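For reference, the structure discussed in these notes is given below.
The values are calculated or read from the model by the stated rules, or taken from the named source; none is laboratory data. No experiment lies behind these values; they were computed from the predicted model shown. Please note: Cβ atoms are built from the backbone with ideal geometry, for glycine as well, and neighbour counts cover all protein chains shown.
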Amino acid sequence: MKIAVFSAKRYDREYLDAVNVAAGHTLKYHEAPLDLDTVHLAAGYAAVCIFVNDKADAEVLAQLKAGGTGLVALRCTGFNNVDLKAAAQLGLKVVRVTDYSPYSVAEHAVALLLAINRKIHRAYNRTRDSNFALDGLMGFDLHGKSVAVIGTGKIGRVFAKIMVGFGCNVIGYDKYPSEEFVALGGHYAVPGEIGRDADIVSLHAPLTPETYHIINADTIARAKRGALLINTSRGGLVDTEAVIEGLKSGQIGGFAADVYEQEAGIFFRDLSSVVVTDDVLQRLISFPNVIITGHQAFFTREAITTICETTLKSATEFAAGQPLTNEIAAGG
Ligand code: NAD
């Protein structure tokens with residue numbers, strides 16, 4: 001089957017090509033993201049393969065349909081960038097990769113937490129300049145501290161298990177509580193109480209209208225003073241300007257994020273030789289107690305291999321007219 005792959009980087013080609021030796025599809029790579037300007041590139045392709053910042057809104061989907069595309073294959077978990085209702089109305093199938101490696105993202109969240117707490121980013125820069133002073137590098141023991149896990153799904157539970165291993169008190173918040181989370185040593189907070197007693201808040205819920213800006217000026221004001229905030233889910237969960245105010249007042253003790261609400265057009269690119277005009281991001285990066293990574297939490301060999309295998313398996317199922325194992329229903 002002919003598949004147009006958008007937002008394709010070198011590593012996407014490398015891993016998709018390796019898996020495609022067995023799958024045998026025809027892959028056409030485009031470095032550009034899918035949007036209204038590039039959707040014409042998909043004309044005549046039965047499937048498009050897209051990533052987190054491609055734009056599959058109603059207008060783009062209608063053009064895909066008109067060009068003969070029947071399948072939108074997300075090579076990621078989150079699907080907030082696809083208008084599922086419009087896709088269903090147009091008769092387009094949408095698939096994603098649900099289960100590639102929760103370890104990749106959870107372990108990155110832990111890496112961010114350890115780095116921001118123990119100031120590893122600052123220590124790294126200091127020692128490279130032969131500055132071995134410790135002033136400003138003090139952290140706290142994670143052992144015995146309370147960690148709020150917002151979203152106790154696959155990734156949240158792996159993160160929680162690691163935190164239990166550190167000796168933390170793990171408090172979950174989820175619309176659909178999971179017995180597995182409780183079995184591994186976590187306990188659920190009364191809704192609304194989340195974060196109030198937590199030294200660390202880590203976000204693992206999907207971006208939905210309900211979770212949009214779940215971290216805002218109000219939740220920040222009610223949080224424990226000096227708490228660390230970790231976001232490896234989606235940027236839209238956090239009101240970044242409210243976080244900046246929280247960092248300025250000291251209400252937030254540190255912020256480490258792999259995602260940013262306005263990351264489209266910035267992340268996954270080398271912009272080191274140009275002026276980045278996003279003032280909010282620039283302000284955020286200027287804090288000593290902030291670490292931003294560019295949406296790399298999923299980026300392990302194991303995860304990428306599984307993502308490519310699952311994506312091409314979905315394409316094979318679609319081409320054969322079989323039920324789609326990883327189809328996203330219209331309601332999400
Ligand atoms: P999952 O579906 O297994 O878990 C999500 C959990 O969030 C579920 O338990 C669900 O009930 C809960 N949830 C839904 N709405 C909620 C709400 N309003 N309040 C509280 N909890 C709510 O998904 P997952 O595989 O654990 O992934 C979680 C998120 O991580 C994805 O949606 C995606 O946005 C993000 N992600 C990021 C990266 C990255 O590279 N940074 C990679 C993969 C996934």
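Numbers for the structure displayed
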item	result
GLY253 touching a strand residue (DSSP E or B) at 6+ places or on another chain (Cβ under 6 Å), of a type outside the set (Ser, Thr, Tyr), free of Cβ contacts under 8 Å to residues at least 40 places away in the same chain and part of a helix (DSSP H, G or I)	no
Residue within segment 193-202 that is in contact with a Gly (Cβ under 6 Å, 6 or more places away or on another chain) and within 23 Å of GLY78 (Cα to Cα) present	yes
From ALA86, ALA106, residue being farther than 30 Å from ALA148 by Cα and either buried (at least 18 other Cβ atoms within 10 Å of the Cβ) or at pLDDT below 95 (or both)	ALA86
Which numbered condition GLY165 fails, given (1) surrounded by 16 or more Cβ atoms within 10 Å (Cβ to Cβ); (2) free of Cβ contacts under 8 Å to residues at least 60 places away in the same chain; (3) small (Gly, Ala, Ser)	(1)
Unmet requirement for ALA330, which otherwise passes all of (1) more than 15 Å from the ligand (Cβ to nearest atom); (2) at pLDDT 95 or above	(2)
Enumeration of residues in segment 147-188 that are within 11 Å of the ligand (Cβ to nearest atom), in contact with a Gly (Cβ under 8 Å, 6 or more places away or on another chain) and assigned to a loop (DSSP other than H, G, I, E, B)	THR152, ASP174, SER178
Subset of segment 270-300 that is in a loop (DSSP other than H, G, I, E, B) and within 16 Å of the ligand (Cβ to nearest atom) - its residue that is nearest to ASP54 (Cα to Cα)	HIS295
Test: residue in segment 127-134 that is within 13 Å of the ligand (Cβ to nearest atom), assigned by TED's automatic domain parsing to the domain that holds ASP197 and in a helix (DSSP H, G or I)	no
Selected residue (criterion: nearest to the ligand (Cβ to nearest atom)) from residues of segment 73-99 that are assigned to a loop (DSSP other than H, G, I, E, B) and in contact with a strand residue (DSSP E or B) (Cβ under 9 Å, 6 or more places away or on another chain)	CYS76
Options HIS187, HIS213; residue that is touching an Asp or Glu at 6+ places or on another chain (Cβ under 9 Å) and in the same structural domain as VAL243 (by TED's automatic domain parsing)	HIS213
Hits in segment 189-205 - residues which are of a type outside the set (A, V, I, L, M) and at pLDDT 95 or above	ASP199, SER202, HIS204
Scan of segment 8-48 for residues that are in a loop (DSSP other than H, G, I, E, B), in contact (Cβ under 8 Å) with a residue 60 or more places away in the chain and under 24 Å from the mean Cα position of the chain (by Cα), ordered by number	LYS9, PRO33
Considering residues of segment 208-248 that are part of a loop (DSSP other than H, G, I, E, B) and buried (at least 21 other Cβ atoms within 10 Å of the Cβ) only, the residue farthest from the ligand (Cβ to nearest atom)	ALA223
Residues being of a type in the set (A, V, I, L, M, F, W, C) and in contact (Cβ under 8 Å) with a residue 60 or more places away in the chain - total across segment 52-73	3
Restricting segment 34-62 to residues that are of a type outside the set (A, V, I, L, M, F, W, C) and surrounded by 16 or more Cβ atoms within 10 Å (Cβ to Cβ), the residue that is farthest from ARG234 (Cα to Cα)	TYR45
